Amino acid sequence: MSTEVIKDFYNRIIGYVETDASGNKVGKDFYRRIVGYYDKKLNVTKDFYNRIVGRGDLLSSLIVQAE
């Protein structure tokens with residue numbers, strides 16, 4: 001599992017995106033609380049409550065919104 005750090009304009013950490021071997025991703029905020037999921041097979045992003053947010057990988061926008 002690889003982890004990508006998401007930073008803002010001032011180089012402060014605002015979240016993380018963890019990717020598993022199959023390409024599915026989990027978005028987490030600064031405190032490592034889950035904010036959403038990306039399912040590569042369906043190509044959809046879902047929020048914490050499993051509601052579809054949109055098509056494609058939108059985890060970065062969920063992390064920014066959680067800030």
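The values are calculated or read from the model by the stated rules, or taken from the named source; none is laboratory data. This one's a predicted model, so the numbers in the text were calculated from it and none came from an experiment. These area figures cover heavy atoms from the full protein model, side chains too; ligands, DNA and RNA do not enter into them. Shrake-Rupley method; radii C 1.70, N 1.55, O 1.52, S 1.80 Å.
Assorted remarks:
- Elements of type strands (runs of 3 or more DSSP E) in the chain, at least 1 residues being open to solvent by 100 Å² or more (accessible area, probe 1.4 Å): 2-7, 52-55
- Options L62, L42; residue that is of a type outside the set (S, T, Y) and modelled with pLDDT under 95: L62
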